[in-house]
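This report concerns only the one structure given below.
The values are calculated or read from the model by the stated rules, or taken from the named source; none is laboratory data. Because the structure is a prediction, the values reported are computed rather than measured. For neighbour counting, all protein chains shown are included, and Cβ atoms are generated from backbone atoms with ideal geometry for every residue, glycine included.
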Amino acid sequence: MRRPVGIETEYGLNCEGFPGQEAGAAASGSPSSAVDFGYEASRVVKAAQAPGAFRGWDYRGEDPYQDLRGNRVERLARDPNDLQDRNDRSRGLSREELLANTVLVNGARYYNDHNHPEYCTEACLTLLDLVAHDKAGERVLFACEQQRNRELAQEHGDATRIRVLKNNTDYHGRTYGTHENYLFSRQLQLETVIRAVTPFFVARQLYAGAGKVGIESSGGQVQPGFQLSQRADFFEERVGINTTAQRPIFNTRDEPHADKSKYRRLHVIIGDANRSEWATAMKVGTTALVLDLIEDGWRPQLEFRDPVVALKVISRSHDLLAAAELTGGKKVRALDVLQHYFEAAERAFRGRDEETTWVLDEWRATLDAFAGNPAPLADRVDWLAKRTLFDQMRQVGTPQAKGWDDPTLRRLDLAYHLVDPRLSLYDALVKQGRIRRLVTDEQVDQAQASGPAGTRGAVRGLLLQRFGAAIRRLEWDSVTFGSDGREVRIDLAEVSGPLVARVEQLVRQAPDLEALFAAIKGERS
């Protein structure tokens with residue numbers, strides 16, 4: 001990739017057997033539940049057995065109200081359903097206790113975000129590194145689930161437990177996000193980027209959608225059906241700064257978490273939580289190529305008349321035949337849109353490097369399959385893996401799965417996303433050889449143990465391991481130490497490159513913290 005990319009995932013919680021809980025109210029955030037989901041999310045994060053981790057976060061450099069369009073908003077829209085959560089226990093926590101901010105030795109941030117445990121990878125330089133670090137997050141969440149359930153068993157008995165899901169809907173009218181983060185040049189005209197990427201974001205669900213049983217409204221009503229995307233039901237605007245309500249296809253939050261004079265961050269909130277490693281790699285790899293095209297001056301020759309309508313039309317047509325209207329009146333399928341972007345990337349980048357070749361080869365093969373026989377893609381496209389399995393169940397006459405309104409299928413849909421490999425439908429398919437993998441367990445082990453190679457995340461992890469006791473504050477682009485009665489800040493505004501590599505070398509070589517400060521000062525003088 002020509003740019004660093006990170007993924008942040010809010011995980012769902014299914015809570016069962018809690019005192020006072022109504023039957024059928026297990027899903028994360030159910031308004032009728034007796035569960036304090038804010039409290040449970042914070043306890044799940046705190047359950048992380050993370051030697052060397054730093055507990056806390058420095059918010060001074062963050063401003064979620066700053067808009068890429070140059071203005072600063074006074075408030076952000078909030079999903080009104082969030083206000084219905086029970087909060088008897090979470091009200092007794094301080095803000096720091098509730099957020100439970102944790103920075104792991106692999107450079108990841110892990111915390112409670114809007115009543116969901118959220119795992120944020122550091123930006124990675126290769127697709128395989130990103131996939132491995134994303135999978136490391138699933139492992140961390142599973143370990144936390146196990147630990148929290150041991151605590152709940154002692155408090156309430158074995159019938160009380162949580163299940164963590166890597167999905168995007170609670171089936172009660174609310175969604176939680178999986179966001180991608182791409183740095184791109186601040187010199188690009190913003191409206192150019194918006195117009196160029198929006199049709200792609202609408203169409204890429206064809207291979208990046210996680211699939212969902214049901215068509216959901218913000219009021220909590222679920223209609224029968226099956227669709228490509230878990231998130232498509234919840235988007236309302238073309239462009240905007242909000243993330244938890246009035247969601248836009250193009251988000252304009254201006255927080256690069258890097259050198260603000262050089263970079264903007266494309267904060268992509270229009271994407272699903274993929275269990276498939278291939279889907280994660282292709283979702284990110286193709287988006288990165290589209291950004292490369294835009295930075296090099298290419299512009300797409302199409303634009304949806306109403307991208308929000310197009311997003312839903314495409315998601316709800318898993319026969320792939322639905323077409324959405326362009327500004328000129330012509331109607332096109334998602335496949336046609338993606339072919340347009342692919343052909344441009346093929347002309348511009350074929351032969352650039354091994355990773356780009358892989359993305360282009362996979363992209364072409366995927367589009368060809370969708371144009372002919374998509375069935376072989378069930379070993380890599382999440383929604384197709386689900387639908388194939390559900391169709392097979394109906395074909396063999398499974399009495400519990402007669403139609404898309406059957407609650408059994410919704411339960412199986414949720415089971416696909418469980419992070420517990422003993423219960424997960426996705427993991428069962430992997431064990432049967434029915435899902436492709438891109439990384440090994442050893443690569444995921446490495447991603448849990450250290451930051452992405454060549455990035456500031458690797459530096460942050462080394463600082464935690466070597467000098468963690470002296471860290472006073474920490475954020476994405478700086479680490480502040482307390483030493484000899486003073487505070488010393490190490491700047492990490494660059495995500496990768498020669499400066500980051502040199503700082504990493506100095507951290508490895510320094511015999512102690514004061515020697516590290518002196519070495520960095522000497523380099524910069």
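Restricting the range 102-133 to residues that are hydrophobic (A, V, I, L, M, F, W, C) and part of a loop (DSSP other than H, G, I, E, B), the residue that is surrounded by the fewest Cβ atoms within 10 Å (Cβ to Cβ) is L125. Note on the range 259-269: residues that are of a type in the set (K, R) and in a loop (DSSP other than H, G, I, E, B) amount to 2. When V503, V488 are screened for being in contact (Cβ under 8 Å) with a residue 40 or more places away in the chain and either outside the structural domain of L462 (by TED's automatic domain parsing) or not hydroxyl-bearing (S, T, Y) (or both), only V503 passes.
Here is a yes/no grid of residues against (1) modelled with pLDDT of 95 or more; (2) farther than 30 Å from Q21 by Cα:
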{"residue": "E62", "(1), (2)": "no, yes"}
{"residue": "D79", "(1), (2)": "no, no"}
{"residue": "Q84", "(1), (2)": "no, no"}
{"residue": "L104", "(1), (2)": "yes, yes"}
{"residue": "T121", "(1), (2)": "yes, yes"}
{"residue": "V131", "(1), (2)": "yes, yes"}
{"residue": "G137", "(1), (2)": "yes, no"}
{"residue": "C144", "(1), (2)": "yes, no"}
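Restricting the range 304-317 to residues that are assigned to a loop (DSSP other than H, G, I, E, B) and within 26 Å of the chain's Cα centre (by Cα) leaves a set whose member that is surrounded by the fewest Cβ atoms within 10 Å (Cβ to Cβ) is D306.
Kindly provide the set of residues from the range 354-385 that are polar (S, T, N, Q), buried (at least 19 other Cβ atoms within 10 Å of the Cβ) and farther than 20 Å from W298 by Cβ, ordered by number. Answer for the range 354-385, where residues must be polar (S, T, N, Q), buried (at least 19 other Cβ atoms within 10 Å of the Cβ) and farther than 20 Å from W298 by Cβ: just T366. Can you find even one residue in the range 198-206 that is under 23 Å from S276 (Cα atoms), touching a Pro at 6+ places or on another chain (Cβ under 7 Å), in contact (Cβ under 8 Å) with a residue 40 or more places away in the chain and crowded, with 20+ Cβ neighbours inside 10 Å? Yes, because at least one residue in the range 198-206 is under 23 Å from S276 (Cα atoms), touching a Pro at 6+ places or on another chain (Cβ under 7 Å), in contact (Cβ under 8 Å) with a residue 40 or more places away in the chain and crowded, with 20+ Cβ neighbours inside 10 Å.
Residues in the range 147-162 that are without any contact (Cβ under 8 Å) to a residue 40 or more places away in the chain and assigned to a helix (DSSP H, G or I): N149, R150, L152, A153, Q154, E155. Here W278 clears all of (1) assigned to a loop (DSSP other than H, G, I, E, B); (2) in contact (Cβ under 8 Å) with a residue 24 or more places away in the chain except the condition numbered (1). Among the candidates A428, A371, the residue that is more than 16 Å from L320 (Cβ to Cβ) and small (G, A, S) is uniquely A428.
Checking each residue in the range 146-179 for being of a type in the set (D, E) and crowded, with 24+ Cβ neighbours inside 10 Å picks out only D170. The selection criterion, being in a loop (DSSP other than H, G, I, E, B), closer than 21 Å to A378 by Cβ, touching a residue at least 12 places away in the same chain (Cβ under 8 Å) and of a type in the set (D, E), holds for D272.
So, V193, is that one of a type in the set (A, V, I, L, M), part of a helix (DSSP H, G or I) and crowded, with 23+ Cβ neighbours inside 10 Å or not? Judged against the criteria, V193 is not a match. Of all the residues in the range 274-300, those that are touching a helix residue (DSSP H, G or I) at 6+ places or on another chain (Cβ under 7 Å) and surrounded by fewer than 18 Cβ atoms within 10 Å (Cβ to Cβ) number 3.
Tell me which residues, restricted to the range 318-353, are buried (at least 18 other Cβ atoms within 10 Å of the Cβ) and assigned to a loop (DSSP other than H, G, I, E, B). Answer for the range 318-353, where residues must be buried (at least 18 other Cβ atoms within 10 Å of the Cβ) and assigned to a loop (DSSP other than H, G, I, E, B): H318, R333. Quick check: is even one residue across the range 237-258 among the basic types (K, R) and part of a loop (DSSP other than H, G, I, E, B)? Checking the range 237-258: not a single residue is among the basic types (K, R) and part of a loop (DSSP other than H, G, I, E, B). Only one entry of R422, R436, R410 meets the criterion of being over 30 Å from D129 (Cβ atoms), surrounded by fewer than 19 Cβ atoms within 10 Å (Cβ to Cβ) and assigned by TED's automatic domain parsing to the domain that holds E10, and that entry is R410. Of the residues making up the range 171-190, just one is part of a loop (DSSP other than H, G, I, E, B), within 20 Å of L311 (Cβ to Cβ) and of a type in the set (D, E, K, R), namely R174. Within the range 462-485, the set of residues being in contact with a Phe, Trp or Tyr (Cβ under 8 Å, 6 or more places away or on another chain) and either under 26 Å from Y182 (Cβ atoms) or outside the structural domain of E514 (by TED's automatic domain parsing) (or both) comprises L464, L474, E475.
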